[in-house]
1. Run the simple label-point estimate for D85 and N149 please: 7 Å along Cα→C-beta, distance reported in nm.
2. Give, in nm to one decimal, the length gained when the segment between E41 and Q55 is fully stretched (0.36 nm per residue of separation minus the Cα-Cα distance).
3. Per 0.36 nm of contour for each residue apart, how much would the distance between S97 and I10 grow if the chain were fully extended, relative to their Cα-Cα spacing?
4. Determine, from the Cβ-Cβ distance of N137 and L74 and an R0 of 35 Å, the FRET efficiency 1/(1 + (r/R0)^6), rounded to the nearest 0.05.
5. Scale the Cα Rg of the stretch 1-64 by the rule-of-thumb value 2.2 N^0.38 Å and send over the ratio, two decimals.
6. With the radius of gyration and the Kirkwood radius both derived from the Cα set of the stretch 60-103, what is their ratio Rg to Rh?
7. Given 0.36 nm per residue, what is the gain on full extension from D48 to V20 after removing their alpha carbon distance, in nm?
Amino acid sequence: MGGSSFGIAIEALVAVLLAVTIGYCVLVNRKLIQLRSDQSELKAIIRDLNAATGQAEHAIAGLRESAHLADQTLGQQIERVRSLDEQLRANIGKGESLLAKFAAMPRAPQAQSPASPAAREQGEPIRQNAIGLGMLNAQRRRQVEKSANGPGRDEVAA
C-alpha cells in the first residue's frame, strides 16, 4: 500500500502543478490580450504622430518660404531707402549751398514804385524784381486767408 499512496501523491502533485500551469496560462493570455489592445492603440498614436509631423514639415517649409520672401522684400526696401537717403542728403547739400550763395549775394535796392501803398493793397502787381514778386505772392496768400477765414475772424486772429 505504501507504493500506491506514493503514486497517488505524485499524481496529486502533478494535478496541482497542472492546475497552477493552467492558471498561469490564463494569466499570460490576459496579458497578451491587453498587449494586443495596447499595440493597436499604439499604432493609432503613431499614425496620428506621423500625420502631425507631415503637417509640421509642410508648415515649416511655408514659413521658410515666407521668411525668404520677407528677407528679399526687406532687402529691396532697405536699398530703396538708402538710395532715397543719398538723394535727400545730396539735395540738402545743394539747398544749403544755394542758400549760402543767396545769403552772400548783395541785396538790390528796391525800386520805388509809382504806385502808392493803397494801390498795392488793392492788387496792383509788383513785378520790379524777385523780391517784389515774393511780396505779391505773400499779399495774395493773405487775401486768400482773409476770404477763407471770413469777415469777422481777422479781428479775432489779430
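Taken together, the values in this text are just the output of simple stated rules run on the coordinates, not laboratory data. Treat the numbers as computed from the prediction; the structure is a model and nothing was measured. All Cβ positions, even for glycine, are placed from backbone atoms using ideal geometry, and neighbour counts span all protein chains on display.
1. If labels sit at D85 and N149, their model points lie 4.2 nm apart.
2. Length difference between fully extended and current span is 2.9 nm.
3. So the extension gain works out to 18.9 nm.
4. Computed FRET efficiency for N137 and L74 comes out at 0.20.
5. Computed over Cα atoms of the stretch 1-64, the ratio equals 2.55.
6. Radius of gyration relative to Kirkwood radius: 1.46.
7. 5.9 nm
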